[in-house]
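Since the structure comes first, as structure tokens, the remarks are kept for the end.
The values are calculated or read from the model by the stated rules, or taken from the named source; none is laboratory data. What you see is a predicted model, and the numbers here were worked out from it, not measured in a lab. Every residue, glycine among them, receives a Cβ derived from its backbone with ideal geometry; neighbour counts consider all protein chains shown. Each accessible area value is taken on the protein alone, full model and side chains, heavy atoms only, with ligands, DNA and RNA left out. Shrake-Rupley method; radii C 1.70, N 1.55, O 1.52, S 1.80 Å.
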Amino acid sequence: MTPAELSRTVLRAVRRAVDEDALRAPVPARVRVERTRPGGSGDYACAVALRLAGPAGLPAHEVARILRDRMATAPGIGRVEVTGPGFLNFTLDAAGTAALVRTVAERGVRYGRADRPTGEIRRLYHRREVRAAVVADAVRRLLCARGVQVRTSCEEAPDPDWARLGVTVDVRGTLPAAPPEIRPVPAGATAGALLARLGPDATRWGLLRPAGHDRAPLGDDLLVQGEANALFRVRYAHARVRALVRGADRLGFAPSYEREVDGPAAGALCALLADHPGVLDAAARHQAPDRLARHLEAVAGAFSDFHDTAFPLPVGDEKPSAAHRSRLALAEAAGTVLAGGLDLLGISAPDHL
């Protein structure tokens, strides 16, 4: 179960409580569900009861209890607790994890993206500067992934080298009514110079990974194949997943989530995979591709921890089991999210490094 699905489950519980006259309050348009903070209970938390307590004329703890009773048996939720002044805390069950892994497998790199156009049209405007152009292109990709139709415009004719970075411009010249400008801190170098030194993938990562208001570090360390290089960690994690799938194929088995994969490392990885659709939405809404880059780093780190504690392939005389198939399915889901995220950043995800 993803945070978006959990949010819809909470909303249905609110509507049901209102329809049954157990709660007299307006049904909100949206409900925010967040990862539980360190020291908290469960996988996710929601403060909707505190929001509804005033209009309902009830203590927030009582509102939370009413909602808890209507969500306790919802598919994908193992346990619902009421904590503090009225927070709802959710622990997902194994069925929810299995559904998440299946959803990622079925959707592939399109996991977290919209199924159809929304009908919304957006315009993006930037100056003739390489970082602004690359950020605008990444924002365009993110918005398109959310079903938005996007047109990009540049104040002048684009640099021909931008094409080698995957950047396209639909409209040139100053518009009569220009949309808000995408204007990150300039890179301080031309596209041609960056491409000659770093190549397209490292250049795009170097320009996109920092927040727009921060300077973009564009040193040669972007090419280092080691733990200190975040781009390498993300792409290595993806390549490692593909190597695991190839190894399993040679051993005669395939990924299939058949039993719960236990352990904190698996739980942390599942939570990040579930967060992926929300991260894409926030990165598009705030025009901040750096949010996606940081999320991919977190997924890569969580996969590494999971890989080290629950190796997906048999070792020694072990025979492939349901545990191996399930671990491999979770690993493959992580690789799929990494590949899809890199694609939205305009960066390749090679199967071999």
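Site pair residue 22 and residue 123 shows an inter-label distance of 5.1 nm when each label is modelled 7 Å from Cα along Cα→Cβ. Couplings 3J(HN,Hα) for the stretch 6-14, derived from phi with the Karplus relation 6.51 cos²θ - 1.76 cosθ + 1.60 (θ = phi - 60°), are 5, 4, 5, 5, 5, 4, 5, 5, 5 Hz, where x marks Gly and Pro. Share of pairwise Cα-Cα distances greater than 19 Å in the stretch 284-346 is 42 percent (whole percent). Taking the empirical scaling 2.2 N^0.38 Å for compact globular proteins as reference, the stretch 33-73 has a Cα radius of gyration ratio of 1.24.
Comparing 243, 229, 92 along the charge dipole axis of the chain, the residue lying farthest to the positive side is 92, per the Cβ-charge model.
Remark on residue 152: its backbone amide H falls under 5 Å from those of 124, 170, 171, a criterion applied only to residues 5 or more positions apart or on other chains, H modelled at 1.01 Å from N.
For the stretch 131-172, a simple Cβ point-charge model (Lys and Arg +1, Asp and Glu -1, everything else neutral) yields a dipole of about 260 debye relative to the Cα centre. Express the relative contact order of the chain as a whole percentage, based on alpha carbon pairs under 8 Å and six or more residues apart in sequence. Relative contact order for the chain comes out at 16 percent.
In square nanometres, what is one fourth of the surface area of the convex hull spanned by the alpha carbons of the chain?
20.3 nm²
The portion of the accessible surface of the chain made up by carbon and sulfur, rounded to a whole percent, is 50 (1.4 Å probe; DNA, RNA and ligands excluded).
Taken over the alpha carbons of the stretch 168-286 as equal point scatterers, the Debye sum produces base-10 log I(q)/I(0) values at 0.12, 0.16, 0.20 Å⁻¹ of -0.73, -1.07, -1.30. Across the stretch 245-353, Cα-Cα distances exceeding 23 Å account for 32% of all pairs. Placing 129, 318 in order of accessible area, with the largest value first and a 1.4 Å probe, yields 318, 129. The share of C-alpha pairs in the stretch 219-292 whose separation exceeds 17 Å stands at 68 percent.
Remark: the stretch 1-107 carries a charge dipole of roughly 260 debye about the Cα centre, counting +1 on each Lys and Arg Cβ and -1 on each Asp and Glu Cβ.
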